[in-house]
Amino acid sequence: MSIYSALELDLLISMDEIQDKIAKVVVQLETDYKGQEIVIVMIMKGAICLVADLIRAISLPCVVESIQASSYGAHGKTRGNLQIKGIESLDLFSKNVLLVDDIFDSGNTLFQVHQALAEKKPKSLKSLVLLSKNVSDLECQPDYILFSIENRFVVGYGLDYKEYYRGLKGIYLFKETASSLQ
């Protein structure tokens, strides 16, 4: 029995739509950075698919770093305490940094990670997110947003439910059924 059979998944954003938006944001990034090197700091695990596709499409010289930030983990849909790991080992002094995350929901993760990276004194610090729910009241907003969506729980293309469904091609609305994973 597939783990996917326990859920009802409705396609929200196709891989073709994602690839089209990535191509458009790459044009913008290449204009904004004009041949300069950038350090892409990916927030694991959710941004893995986006960053993989982004670095294959971009012609700018770039270095990829990763940090871990988690507030859901195996808890599913209930947000817990934010845990951030890996920032302490990054050398970002006087570098162009692009922080990449999967989803801008409450804004808490992006805000806290952005603040911590700013302490590393980068030359520039911008953020890019795959999805934005536009529900945050924080002043810290992403610089680049690929898609704005309603406040719904989604999975696929790096986004998970209890660590599952990251590998789905595309982004799906998550609908729990009576037999969904516990």
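The values are calculated or read from the model by the stated rules, or taken from the named source; none is laboratory data. These numbers come from a predicted model, not from an experiment. Please note: Cβ atoms are built from the backbone with ideal geometry, for glycine as well, and neighbour counts cover all protein chains shown. These area figures cover heavy atoms from the full protein model, side chains too; ligands, DNA and RNA do not enter into them. Shrake-Rupley method; radii C 1.70, N 1.55, O 1.52, S 1.80 Å.
Looking across the range 7-28 at every residue that is acidic (Asp, Glu) and in contact with a Lys or Arg (Cβ under 9 Å, 6 or more places away or on another chain), the one that is most open to solvent (accessible area, probe 1.4 Å) is identified as 8. Annotation note: of 110, 98, the sole residue that is closer than 28 Å to residue 165 by Cα and modelled with pLDDT of 95 or more is 98.
Annotation note: Cβ proximity below 8 Å between a residue of the range 111-123 that is closer than 18 Å to residue 83 by Cα and a residue that is among the charged types (D, E, K, R) and modelled with pLDDT of 95 or more (sequence gap 6+ or interchain) occurs for 113/101.
Note on the range 44-163: enclosed strands (runs of 3 or more DSSP E) holding 3 or more residues that are surrounded by fewer than 16 Cβ atoms within 10 Å (Cβ to Cβ) and not acidic (Asp, Glu) are 62-70.
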